[in-house]
Amino acid sequence: MADSRVSTPRYSWTVVGVLTAIYTVSFIDRQILALLIGPIRKDLGVSDTQVSLLIGLAFALFYTFLGIPLGRLADTRSRRALIAAGVVIWCCATAACGLAHNYEQLFLARVAVGIGEAALSPAALSLISDYFPEQTRGRAIAFYTMGISLGSGLAMLLGGQLLARTLASAPVTLPIFGPLFVWQPLFFIVGLPGLLLAAVMGWIREPVRRERLRGGPGGRSQEGGSPVGETDSSLRPSWGEVARFLGRRWRLYGSHFLGMSVAGTLSYGFFAWIPSMFARTWQWSIPKIGAAYGGVVMISGALSIFVVSALARTLAARGYRDIYMRVALYCVVLAVLGAVCAPLAPNPYVSLLMLFPTTVGTLAATAAGLTGLMIVTPNEMRAQASALYYLVVNLVGLTVGPTGIALFTDHVFRNDAMLRYSVLCIAALTGLVAIALLGYNVRQYRRAYAEAQDWLRPA
């Protein structure tokens, strides 16, 4: 049930802090595999492409498609309960990766990680949108998306150090499961502590659902916010009504989802292969690149909040109505420029420097794009629309990013040492397409924003 009391800004930001902590844990559990590419290839006897499928396809398989029904549950049922259940599933699945004895078992465990994490972001974004008005929503969502940089950065920073220790330690043998590979205990270390956050979600209050369609999708009256966490079934739009609403605006949503896919492609591709690129190109050790790249990612997360806020304020002062999608476009341009320059750098230190605009740009673009999506989508459909967003962005990002780079290395260049040029090719190709799509989307978004002011109830 929702709490009808007005939440104070302090409490609202506390909720964002909790959700950001959960998002951080999700990315630690998701990205830790990128540091283990070398040991996994050695112990399981697999190729770059097979490892990329563990990072991408195995995770994306259910993460993307289950997001749609889970998004509908978030629009109609308790969002905090949905998030808590997801945390339990993916943390246990991460620990299960530490028990896999072969490639197939590891693949299935990664599938389960994706199933659990599919419950998080649609419900979290819906909660944040009800806790914050439009004026401060962008900052709150940017703070939440900082979980991407915190989780990925900590996975690199701490994971590299923990990996060095586990590789230097004696093999572990468990009752029933037998001996483990020396890198497998790392999955227990990063997976099981996250279960504590599932209990914390019981403390979160369900806010009043706001900014709903005035007349409802079928013309029903919906005056006032919904006083309960579960939307009244008489006011709940059907699957068909949601599909028609989004379908009539296919140019807006289609160009948004596909254009924002480059953020996912660059993020997932770089998180997966930058450590190996530094190892193969400049012979850096995994702990060394983990510490360096982890630092870049974590600093970039904080900078991305400043970038989104500063650009949004500047554009608002100049009278723009397409603020957040214009911010997303500018940040994607910044990200692509950095992504093209980083693999071509003459030394690893210049490459690290070029990773800053790439990481800041992708994180800021993600925050701005999600904020824009929440503003022009009614409450009854926000989680479903964001689930569709994650379906497209992650399906493209988790396949074209990690697997696209691996395919270039294995089948185009056919040389492990050419990994940096595989990164360059994917960044350049996807970047040009994304910039064109987001430029088109800005025009569509202006019309959608004007329409939203007419039929959405203010927070």
Checklist entry - Within the stretch 419-446, restricting attention to residues that are buried (at least 24 other Cβ atoms within 10 Å of the Cβ) and of a type in the set (A, V, I, L, M, F, W, C), which residue is farthest from Cys341 (Cα to Cα)? => result Leu438
Next on the checklist: Where the second residue is outside any helix (DSSP H, G or I) and open to solvent by less than 10 Å² (accessible area, probe 1.4 Å) and the first is more than 19 Å from Ala368 (Cα to Cα) and lies in the stretch 248-276, which pairs have Cβ atoms under 7 Å and are six or more apart or on separate chains?
Outcome noted: Gly269/Gly401; Ala272/Gly401
Next on the checklist: Suppose we filter Arg321, Arg313, Arg326, Arg382 for residues that are closer than 30 Å to Gln453 by Cα, out of contact with any Gly (no Cβ under 8 Å at 6 or more places or on another chain) and part of a loop (DSSP other than H, G, I, E, B); which single one remains?
Outcome noted: Arg321
Checklist outcome for this item: Of the residues in the stretch 399-417, those that are open to solvent by 60 Å² or more (accessible area, probe 1.4 Å) and not acidic (Asp, Glu) number 6
Checklist entry - Does any residue in the stretch 114-125 that is more than 14 Å from Leu19 (Cα to Cα) come within less than 9 Å, Cβ to Cβ, of a residue that is assigned to a helix (DSSP H, G or I) and of a type in the set (Asp, Glu) six or more places away or on a different chain, and which pairs are these? => result Gly116/Asp29
Checklist entry - Scanning for something assigned to a helix (DSSP H, G or I) and without any contact (Cβ under 8 Å) to a residue 12 or more places away in the chain, does the stretch 331-342 turn up at least one residue? => result no
Checklist outcome for this item: Log entry, pairs with first residue in the stretch 347-363 being more than 18 Å from Val393 (Cα to Cα), second being assigned to a loop (DSSP other than H, G, I, E, B) and open to solvent by less than 30 Å² (accessible area, probe 1.4 Å), beta carbons closer than 9 Å, six or more apart or on different chains, reads Pro348/Trp284; Ser351/Ala345; Leu352/Ala345; Leu353/Ala345; Met354/Ala345
Checklist entry - Name the pairs whose Cβ atoms lie under 6 Å apart, with the first residue in the stretch 39-58 and under 22 Å from Arg165 (Cβ atoms), the second modelled with pLDDT of 85 or more and open to solvent by 40 Å² or more (accessible area, probe 1.4 Å), and 6 or more positions between them or separate chains? => result Asp43/Phe181
Checklist entry - Would you say Ala124 is closer than 30 Å to Ser47 by Cα and either part of a helix (DSSP H, G or I) or under 18 Å from the mean Cα position of the chain (by Cα) (or both)? => result no
Next on the checklist: Quick check on Ser351: is it hydroxyl-bearing (Ser, Thr, Tyr) and crowded, with 20+ Cβ neighbours inside 10 Å?
Outcome noted: yes
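This table checks each residue for (1) open to solvent by less than 10 Å² (accessible area, probe 1.4 Å); (2) of a type outside the set (A, V, I, L, M, F, W, C).
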residue	(1), (2)
Leu266	yes, no
Met277	yes, no
Met298	no, no
Gly301	yes, yes
Ile305	no, no
Val308	yes, no
Checklist outcome for this item: Across the stretch 16-49, the tally of residues that are more than 16 Å from Ile148 (Cα to Cα) and out of contact with any Lys or Arg (no Cβ under 8 Å at 6 or more places or on another chain) stands at 13
Checklist entry - What residue, of Leu36, Leu82, is buried (at least 18 other Cβ atoms within 10 Å of the Cβ), of a type outside the set (Lys, Arg) and at pLDDT 90 or above? => result Leu82
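The values are calculated or read from the model by the stated rules, or taken from the named source; none is laboratory data. Values in this document were obtained by computation on a predicted structure and should not be read as measured data. Cβ coordinates were reconstructed from backbone atoms using ideal geometry, including for glycine residues, and neighbour counts include every protein chain displayed. Each accessible area value is taken on the protein alone, full model and side chains, heavy atoms only, with ligands, DNA and RNA left out. Shrake-Rupley method; radii C 1.70, N 1.55, O 1.52, S 1.80 Å.
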